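**Student:** So that we are looking at the same thing, I have put the structure below in structure tokens.
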Amino acid sequence: MNVKRLAPWASAVALLFVAACGGDDGGSSESPNDTSAATETTAGGDSSSAGGSVFVTGSSTVEPISIKVGELAGTAEGGDIAVTVEGPGTGDGFKKFCAGEGDITGASRAIKDEEAQICADNGIEFVELAVAIDGLTVATSPNNPAIECLDKAALYALTGPESEGFASWADANELAAELGSAFATLPDAPLSIYGPGEESGTYDSYVEFAIKKIAEERGTDDFTRADYTASPNDNVIVDGIESSDTSLGWVGYAYFKAEGDRMKGIAIADSDGKCVAPSDETIADGSYPFSRTLYIYVNKAKAAENPAVVAYVDLYLSEAGVEQVSAAGYVALGADKIQASRDAWSARG
Amino acid sequence: MSTVELSPTDLRNREKSRGSLVLGFGLLVAVTFTLLSLFVLLARIFTQAIPAFRERGTDFITDTIGSEPGISGIWPGLFGSFGIGVGVLLLAVPLGLAAAIYLEEYAKPTRFNRFVIVNIRNLAGVPAVIYGVLGLIIFVGWLRPITNGGSVIAAALTLSVLVLPVIIITGMEAIRSVPTGIREAGYGVGATRWEVTRDHVVPYAMPGILTGTVLALSRALGEAAPLIMIGAITGLLPETSLTGKFTAIPMLIYNWSGRPDSAGGAIGWSNSAAAAGLVLLVLVIAFNLTGVLLRQKFEKKRVGT
């Protein structure tokens, strides 16, 4: 009787124990069920460095490319490389990468000095490879004929740290004129702003593109105004831009391209005052001011001990890999630039 | 008999009074609103999910996550969510039940014990993301040798801690509602406290305990916020294991809803997200059905005694 009553509880405890033991096994050896990836086995401690598998972290902007290339690596000839991809963000990616977690990290900007210092302190050597170009698109509603082109000064006046509280486009005119903007005759229409939150790489890029330089000159913080509708969900941003006729927002070019009929991309005036609209061509030739290079950073030690990492990066930089860049909605690097990345990769030493 | 006898006409007149009519109408509106929003939600999930199932068939269940809705499946999420559900059942339920038995049957009502109970009640209201931070520090960080970082085991442990207060509180309520006579009868025939608890109190309280378990499990299976903190994968995850990188269905729903619906494919990410929601719904119902059936079994037993 006693034993019978206690049996379910005892078995629960036993199962837990088994699960815990399984944890130890999984850490030190290949689990028996993924036989497909068991050709080359390294003695690595955690699963990310186990034979045949690659772990990619970093920017959520680079993530779609890494996923596409990863799928290719899983299906290509001898395609037994199991690629795991996550996209917590550029900053979080570097934090993990420089702590030795992850073989590769994607970044929507170059590594910062302090991040590189942490990597160096932890003895992590890496190689930086440019893989694609992303354009940032400043957009408004398709029903807003008044706004065709803006310059950095006008965008600073509309969305910079000094614009807090501006409820109408016209509120920004005085500040825009003071900054020497050619677009200081903004209409008196409600201004509703949508963009990604501070945690997003797209936010960082927007600040870099539109705000940072002027903020430095004026001694203000290099942030956007806080009173805008921030969302990590690009669909929410697109919905917001579409919902108001006089909206203003910014998204990655990939999202703009996918949802182009719901938004109107605003041309950006370059340093000569010439308006350049966002398009595949203007981004590829570098004439569109709001475009950025996307990178992957590869841990040299992990590449040396894990052939799967080498195979994956080789694929990333191959013609087939470059095709994935456009498939993911970004703009492929020019022939000379992708060649420079290939050279850097083969010269990693 | 000193009670006032009410004739049927009195009762009918009372129901007709304006106050009770207004109140009755208000309650009806509340019920209708609740049912209507539930109906709209279900209808929307179904209409969105059907194209995904039509296009993908059973591949949607067995394929791994990918770059396009047309080739993405939910297998790693299903594996993760099922693992979390089983983990919570094995860990949080016995632990919570044991705590509830101790606090109701064994602990003396000292000031300290009352303080403990108040704190458990408060813990039930702590936002899930806070438990995510806890899970990140303890189960992903300190207990890395056991969990191997952000794994199904780490997620199951974190969500177990998350639902423990709910299980303890409902367990305590259920045990408290057991009539004192049952305990006294047990002591009367010479049973020890543990025998009374094991053979009489817990079986009698079981329906209530199972209700708490069902609630707790549903909550654990539906949480995404703690899993974001732990680092669930949403990009690409070809291998599923208890100790490797993991994902769960709520994470996939959250992530897929955030992806743009490209014009090309037959189905968009919103369809995949809705289909994932449907799978989660079925998973939760399957877990809960087990709980409900068990509860009925115990309820029948109780009536029989």
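The values are calculated or read from the model by the stated rules, or taken from the named source; none is laboratory data. As the structure is a prediction and not an experimental result, all values here were calculated from the model. Cβ: placed from backbone, ideal geometry, glycine included. Neighbour counts: every protein chain shown.
**Student:** Just to be sure before I move on: is B:GLU15 modelled with pLDDT under 85 and within 29 Å of B:LEU252 (Cα to Cα) in the structure I sent?
**Tutor:** no
**Student:** Scanning for something touching a Pro at 6+ places or on another chain (Cβ under 9 Å), small (Gly, Ala, Ser) and more than 23 Å from A:SER244 (Cβ to Cβ), does the range A:201-213 turn up at least one residue?
**Tutor:** Looking for residues that are touching a Pro at 6+ places or on another chain (Cβ under 9 Å), small (Gly, Ala, Ser) and more than 23 Å from A:SER244 (Cβ to Cβ), one finds none in the range A:201-213, hence no.
**Student:** Kindly evaluate B:ALA266 against the criterion of being at pLDDT 85 or above and either crowded, with 23+ Cβ neighbours inside 10 Å or away from every other protein chain (no Cβ under 14 Å) (or both).
**Tutor:** So B:ALA266 fails the test.
**Student:** Hey, can you tell me all the residues within the range B:58-69 that are touching a residue at least 24 places away in the same chain (Cβ under 8 Å) and more than 12 Å from chain A (Cβ to nearest Cβ)?
**Tutor:** Once the filter is applied, which keeps residues that are touching a residue at least 24 places away in the same chain (Cβ under 8 Å) and more than 12 Å from chain A (Cβ to nearest Cβ), the range B:58-69 yields B:PHE60, B:ILE61, B:PRO69.
**Student:** Something else now. With the structure loaded, tell me whether A:ALA182 is under 23 Å from A:GLY273 (Cα atoms) and either surrounded by 23 or more Cβ atoms within 10 Å (Cβ to Cβ) or free of Cβ contacts under 8 Å to residues at least 24 places away in the same chain (or both) or whether it fails that test.
**Tutor:** Against the criterion (under 23 Å from A:GLY273 (Cα atoms) and either surrounded by 23 or more Cβ atoms within 10 Å (Cβ to Cβ) or free of Cβ contacts under 8 Å to residues at least 24 places away in the same chain (or both)), A:ALA182 does not qualify.
**Student:** Do we have B:LEU252 as within 14 Å of another protein chain (Cβ to nearest Cβ), part of a loop (DSSP other than H, G, I, E, B) and out of contact with any strand residue (DSSP E or B) (no Cβ under 9 Å at 6 or more places or on another chain) here?
**Tutor:** It is false that B:LEU252 is within 14 Å of another protein chain (Cβ to nearest Cβ), part of a loop (DSSP other than H, G, I, E, B) and out of contact with any strand residue (DSSP E or B) (no Cβ under 9 Å at 6 or more places or on another chain).
**Student:** Shifting gears a bit: Suppose we keep only residues that are modelled with pLDDT of 85 or more and touching a helix residue (DSSP H, G or I) at 6+ places or on another chain (Cβ under 8 Å) within the range A:326-349. Which one would you say is nearest to A:LYS257 (Cα to Cα)?
**Tutor:** Selected residue: A:ILE338.
**Student:** Please count how many residues of the range A:156-183 are part of a helix (DSSP H, G or I), more than 17 Å from A:PHE209 (Cα to Cα) and not small (Gly, Ala, Ser).
**Tutor:** The qualifying residues number 6.
**Student:** Report the residue count in the range B:122-168 for those that are out of contact with any Ser or Thr (no Cβ under 9 Å at 6 or more places or on another chain), facing chain A (nearest Cβ under 10 Å) and of a type outside the set (A, V, I, L, M, F, W, C).
**Tutor:** 3
**Student:** Taking A:ASP103, is it in contact with a strand residue (DSSP E or B) (Cβ under 6 Å, 6 or more places away or on another chain), among the acidic types (Asp, Glu), over 30 Å from A:GLU63 (Cβ atoms) and buried (at least 22 other Cβ atoms within 10 Å of the Cβ)?
**Tutor:** No: the conditions fail for A:ASP103.
**Student:** Right, something else. Does B:ARG144 qualify as being surrounded by fewer than 18 Cβ atoms within 10 Å (Cβ to Cβ) and under 24 Å from the mean Cα position of the chain (by Cα)?
**Tutor:** no
**Student:** Name the residue that is surrounded by the most Cβ atoms within 10 Å (Cβ to Cβ), counting only residues in the range A:244-263 that are of a type in the set (A, V, I, L, M) and within 14 Å of another protein chain (Cβ to nearest Cβ).
**Tutor:** Ranking the candidates gives A:VAL251 first.
**Student:** Output the residues belonging to the range A:219-243 that are touching a Ser or Thr at 6+ places or on another chain (Cβ under 7 Å), more than 19 Å from A:TYR253 (Cα to Cα) and either within 14 Å of another protein chain (Cβ to nearest Cβ) or not hydroxyl-bearing (Ser, Thr, Tyr) (or both).
**Tutor:** A:ARG225
**Student:** Another question, if that's okay. Which of the residues belonging to the range A:321-341 are part of a helix (DSSP H, G or I), within 23 Å of A:PHE55 (Cβ to Cβ) and either free of Cβ contacts under 8 Å to residues at least 40 places away in the same chain or within 14 Å of chain B (Cβ to nearest Cβ) (or both)?
**Tutor:** A:GLY321, A:VAL322, A:GLN324, A:VAL325, A:ALA327
**Student:** Here's another thing I want to ask about it. Quick test for you: out of B:LEU221, B:LEU283, pick the one residue that is on the phi < 0 side of the Ramachandran plot and surrounded by 21 or more Cβ atoms within 10 Å (Cβ to Cβ).
**Tutor:** Matching residue, one of B:LEU221, B:LEU283: B:LEU221.
**Student:** Which members of the range A:200-228 meet the condition of being assigned to a loop (DSSP other than H, G, I, E, B), out of contact with any helix residue (DSSP H, G or I) (no Cβ under 8 Å at 6 or more places or on another chain) and farther than 18 Å from A:GLY135 by Cα?
**Tutor:** Within the range A:200-228, A:GLY219, A:ALA226, A:ASP227 qualify.
**Student:** Still on this model: Is it the case that the range B:189-204 has a residue that's away from every other protein chain (no Cβ under 14 Å), more than 30 Å from A:VAL56 (Cβ to Cβ) and free of Cβ contacts under 8 Å to residues at least 12 places away in the same chain?
**Tutor:** Within the range B:189-204, one or more residues are away from every other protein chain (no Cβ under 14 Å), more than 30 Å from A:VAL56 (Cβ to Cβ) and free of Cβ contacts under 8 Å to residues at least 12 places away in the same chain.
**Student:** Counting residues that are within 30 Å of B:TRP194 (Cβ to Cβ), which helices (runs of 4 or more DSSP H) fully inside the range B:66-163 reach at least 1?
**Tutor:** Passing ranges, in order: B:75-101, B:111-123.
**Student:** Those residues that are in a helix (DSSP H, G or I), modelled with pLDDT under 80 and surrounded by 22 or more Cβ atoms within 10 Å (Cβ to Cβ), I need them from the range A:49-75; list them, please.
**Tutor:** A:SER49
**Student:** Additional query: Looking at the range B:81-97, which of the residues that are crowded, with 18+ Cβ neighbours inside 10 Å and more than 13 Å from chain A (Cβ to nearest Cβ) is nearest to the chain's Cα centre (by Cα)?
**Tutor:** B:GLY85
**Student:** When you go through A:ASP103, A:ASP121, A:ASP80, A:ASP134 one by one, which is the residue that is in contact with a Leu (Cβ under 6 Å, 6 or more places away or on another chain) and acidic (Asp, Glu)?
**Tutor:** After ruling out the rest, the residue left standing is A:ASP134.
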